[in-house]
Amino acid sequence: MRQIITPAKSITGSVLLPGDKSISHRYGMLASIAEGTSRIRNYSTGADCQSTLACMRALGISVQNDGDVVIEGRGLDGLREAAGPLDCGNSGSTIRMLSGILAAQPFTTVIGGDESLSRRPMERIMRPLEQMGARLEARDGRFPPLTVHGAALHPIEYTLPIPSAQVKSCVLLAGLYAEGVTVVNEPVRTRDHTELALTEFGAEVERRRGVISLKGRPRLEGRELAVPGDISSAAFFIVAAQMVPEADLVIRSVGLNPTRSRLLDFLSGAGVQVKVLDIQQSGGELIGDLRVRSSRVRGGRIDGDLAAALIDEIPVLAVLGARSEDGLVVADAAELKVKETDRIATVADNLRRMGVAVETRADGFTVPGRQRFHAAQIDSFGDHRIAMAFSVAALAADGPCEIDNADAASVSFPEFFDTLRRIAA
């Protein structure tokens, strides 16, 4: 599918975002292995999170989706062997986290996905799960599809070799099934939605200075929950407001989890006017409205711990960097290369198509500031964040831009283009 984005002079109005992808995945899985009914409001409409629900249905769980998602949990030991391979589509979150649950089942499961997912490395979850007692097979020893031979698991203490909330979550979900205490050491803090969701469903989780401990075999109970708006999706509209001469936009009910809100800290430090309104708490997660206005953006540097925290937002921040006064430097972000695409390459390719200079390195790139965007034909390369980031860039181009493979945005935000056109004039 191709979308045409025309330049805009202003961004105004209000936006209600789809439910946070990260939280939706976790609620969908945990509700399935809890006891009783869970009702989840504002569950993500994105294809990735729908893949998680489809996998849970294939494992014998009743899932209804008529606005709210209603899941009839069957308890820790209630999953049934699927009739065929589980299809995660494009969702790395689904395959990596769900494998932790599958590793403890008394049956064997084949789990894979589309062509893009089949290129993403899985050794990072295979190693700890095998230490816990499961046996996993993969194509070429590292790529999906995975064959997960479930087993009776034992607890381990595992130190994450690279910052990864997905790997941490995989180990903790497997730890639900192990008698004793499973410990994950996290040298660099990553998003903690799993720990919060586990606590909400009734697990015993202790967090102290980078050490997460989980007591195995808890009794999880169904819950009524609301998923906050996705702050990673909010990033596209915050940047959109900086690409036009005039902007005054309210983004409603956004998740403000401290492990994710470093985005707001970075943007504020770069000079972006973002004001947080009406903070509340739901399911252990902070939620609030954001008011965003056009600003004079200075630019900045993303490296070290910050690169891990902002890994999903870097594509759209690269667009902002070209518009800023001082540009953007990204380092320590080699993880970008193993996302849905090699995002260092796809960001650079599309910036250059628009006449924007960029210098790439193995772990990041440098985008000088004060650059102009020219009309161009953009390619998402099948990556939802690339499709959305360069639709935002097109707002500041000197003519209409065509976005090829724009339907990739539906992975996380099916309503994105309609929303963007509604607020852009």
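The values are calculated or read from the model by the stated rules, or taken from the named source; none is laboratory data. Please read these numbers as outputs of a predicted model, since none were measured by experiment. Every residue, glycine among them, receives a Cβ derived from its backbone with ideal geometry; neighbour counts consider all protein chains shown.
Worth a mention:
- Criterion (in contact (Cβ under 8 Å) with a residue 24 or more places away in the chain and within 28 Å of residue 90 (Cβ to Cβ)) met by exactly one of 321, 327, 304, 299: 321
- Residue check for residue 391: in contact with a helix residue (DSSP H, G or I) (Cβ under 7 Å, 6 or more places away or on another chain), buried (at least 18 other Cβ atoms within 10 Å of the Cβ), polar (S, T, N, Q) and modelled with pLDDT under 95: no
- Pairing each residue of the stretch 124-143 that is under 18 Å from residue 164 (Cα atoms) with any residue that is at pLDDT below 95 and part of a helix (DSSP H, G or I), provided the two are 6+ apart or on different chains, yields C-beta distances under 8 Å for 143/119.
- Comparison of 69, 63 shows that the only residue that is in the same structural domain as residue 25 (by TED's automatic domain parsing), under 19 Å from residue 222 (Cβ atoms), crowded, with 23+ Cβ neighbours inside 10 Å and within 24 Å of the chain's Cα centre (by Cα) is 69.
- Annotation for the stretch 55-66: at least one member residue is closer than 25 Å to residue 385 by Cα and touching a residue at least 40 places away in the same chain (Cβ under 8 Å).
- Wholly enclosed helices (runs of 4 or more DSSP H) of the stretch 84-197 bearing at least 3 residues of a type in the set (Val, Ile, Thr): 92-102
- Residue list for the stretch 344-363, restricted to those being of a type outside the set (S, T, N, Q), under 22 Å from the mean Cα position of the chain (by Cα) and buried (at least 23 other Cβ atoms within 10 Å of the Cβ): 344, 347
- Scanning the stretch 6-16 for residues that are out of contact with any Phe, Trp or Tyr (no Cβ under 8 Å at 6 or more places or on another chain), assigned to a strand (DSSP E or B) and at pLDDT 95 or above yields 10, 12, 13, 14.
- When 52, 45 are checked against the criterion of being under 22 Å from the mean Cα position of the chain (by Cα), surrounded by fewer than 24 Cβ atoms within 10 Å (Cβ to Cβ) and not in a strand (DSSP E or B), a single residue qualifies: 45.
- Filter result for residue 29 (among the aliphatic types (A, V, I, L, M), out of contact with any strand residue (DSSP E or B) (no Cβ under 9 Å at 6 or more places or on another chain), surrounded by 19 or more Cβ atoms within 10 Å (Cβ to Cβ) and assigned by TED's automatic domain parsing to the domain that holds residue 195): yes
- Of the set (1) touching a residue at least 24 places away in the same chain (Cβ under 8 Å); (2) over 24 Å from residue 6 (Cβ atoms); (3) of a type outside the set (Ser, Thr, Tyr), all apply to residue 359 but (1).
- Condition broken by residue 250, with the remaining ones in (1) assigned by TED's automatic domain parsing to the domain that holds residue 12; (2) crowded, with 19+ Cβ neighbours inside 10 Å; (3) assigned to a strand (DSSP E or B) satisfied: (2)
- Every listed requirement among (1) surrounded by 23 or more Cβ atoms within 10 Å (Cβ to Cβ); (2) farther than 26 Å from residue 190 by Cα; (3) β-branched (Val, Ile, Thr) is met by residue 125 save one, (2).
- Looking only at the stretch 403-425, and only at residues there that are under 22 Å from residue 342 (Cβ atoms) and among the charged types (D, E, K, R), the one that is surrounded by the fewest Cβ atoms within 10 Å (Cβ to Cβ): 404
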